[in-house]
Amino acid sequence: MSESSLHFRRALCAATYNIKQNEIAKKLDITEAAVSKLFNGFNMPKWPKPFSLSILLDHPWQLVNMIKPDMDSFKQNPEYFIPGVSKQAQLNELAQERDKTKSICGFKLLNPQLLFNQEETITGRWVTTYPELDYFEFHLTYDPLVDHVLRKKVVTLFPEARYIVKTFRPCRPKHDRAFRVIFPKNQPSLSYVGMIHELKNFRDETECHEL
């Protein structure tokens with residue numbers, strides 16, 4: 001992807017996460033015409049919008065904002081720590097943030113030790129762009145063991161959750177893991193069943209656990 005044109009990278013990421021132009025416009029506080037221009041040119045939005053766009057598209061900020069990104073920058077996550085881009089939250093506040101999230105929202109998490117003993121301050125994001133499901137994604141620096149203790153903690157914090165998914169983070173080091181807590185929205189639909197089936201059987205470097 002780093003060798004592809006900038007607008008193609010942005011469009012591909014947006015399609016992957018089912019993000020509409022009006023959602024991007026609202027998140028970046030720009031017009032839909034400006035979003036259209038963003039996806040048909042090579043311009044970078046003004047600070048701190050590049051970091052908000054990176055969180056929306058789930059890729060390192062240079063990859064979706066620079067024609068020739070520095071690949072060494074992919075190992076870092078500056079986009080979540082820029083003032084005004086992400087929210088700060090305690091873990092026990094995250095469930096109520098779901099209804100406030102209309103597309104994708106980034107978070108700096110202040111007490112991840114409630115779930116992940118090895119982490120200090122970590123980042124994460126609510127993703128509510130899919131019609132079939134919502135999920136909260138924790139960004140971890142190790143691969144946690146999904147045992148009965150962790151399952152119980154997840155259910156306590158997120159009683160409506162149905163699955164835990166551990167997967168890779170795009171363009172990040174392999175030891176960085178995405179830990180997703182999945183919430184069904186349209187469970188009887190065939191597309192929901194298909195998404196879960198894909199996570200369980202066909203997505204690389206991924207584990208899916210039912211709660």
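Per the 1.4 Å probe, what fraction of the accessible area of the chain, in percent, lies on carbon and sulfur atoms? Could the numbers behind the result be given before it?
Numbers: 5640 of 10670 Å².
Of the solvent-accessible surface of the chain, carbon and sulfur hold 53 percent.
Convex hull volume of the Cα atoms in the chain, per residue, in Å³?
Dividing the Cα hull volume of the chain by its residue count gives 121 Å³.
How much accessible area per residue does region 1-71 have, counting only protein heavy atoms and a probe of 1.4 Å, in square angstrom? Each step should come with its number before you reach the end.
Details: 3720 Å² over 71 residues.
Result: 52 Å² of accessible area for each residue.
Compute a Gaussian network model of the chain, connecting alpha carbons closer than 10 Å, and tell me which residue from Val155, Val165, Val181 fluctuates the most.
The residue with the greatest mean-square fluctuation here is Val155.
What span do the alpha-carbon atoms of region 101-211 cover on each of the three principal axes, reported in whole Å from largest to smallest?
Extents along the principal axes, in whole Å: 39, 29, 26.
Measure nothing fancy, just the Cα-based angle from helix 6-16's long axis to the longest principal axis of the chain, in degrees from 0 to 90, nearest 10.
For 6-16 against the chain, the angle is about 30 degrees.
Taking Cα atoms, how many degrees apart are the long axis of helix 190-201 and the longest axis of the chain, rounded to 10 and kept between 0 and 90?
80
Step through the residues of region 204-209 one at a time and calculate ³J(HN,Hα) from phi using the Karplus curve (6.51 cos²θ - 1.76 cosθ + 1.60, θ = phi - 60°), rounding each to whole Hz and writing x for Gly and Pro.
Those phi angles translate into 5, 6, 9, 10, 10, 10 Hz.
For region 95-163, with every protein chain kept in place, what is the accessible area per residue (1.4 Å probe, Å²)?
Details: 3140 Å² over 69 residues.
Accessible area per residue, region 95-163: 46 Å².
Can you tell me how much longer the chain between Lys20 and Lys152 gets when fully stretched, taken as 0.36 nm per residue apart minus their C-alpha distance, in nm with one decimal?
Values: separation 132, 0.36 × 132 = 47.52 nm, distance 3.51 nm.
Residue separation times 0.36 nm, minus the Cα-Cα distance, leaves 44.0 nm.
Which residue, Leu38, Leu145, Leu94, has the most motion in a Gaussian network model of the chain that connects Cα atoms within less than 10 Å?
Leu145
For region 2-68, I need the span (max minus min coordinate) of the C-alpha atoms along each principal axis, in Å, sorted largest to smallest.
28, 24, 20
Could you let me know the centre-to-centre spacing of region 41-113 and region 135-154, using Cα atoms, in angstrom?
Comparing the Cα centres of region 41-113 and region 135-154, I get a distance of 21 Å.
Over region 52-211, what is the relative contact order in whole percent, taking alpha-carbon pairs under 8 Å and six or more residues apart? List each step's numbers first, then the result.
Numbers: 282 pairs, mean separation 28.8, N = 160.
Relative contact order of region 52-211: 18 percent.
Could you work out how much longer the chain between Ser36 and Phe168 gets when fully extended? Use 0.36 nm per residue separation minus the Cα distance between them, nm to one decimal. Could the numbers behind the result be given before it?
Numbers: separation 132, 0.36 × 132 = 47.52 nm, distance 2.96 nm.
Answer, rounded to one decimal: 44.6 nm.
The values are calculated or read from the model by the stated rules, or taken from the named source; none is laboratory data. These numbers come from a predicted model, not from an experiment. All accessible areas refer to the heavy atoms of the entire protein, side chains included, with ligands and DNA or RNA removed. Shrake-Rupley method; radii C 1.70, N 1.55, O 1.52, S 1.80 Å.
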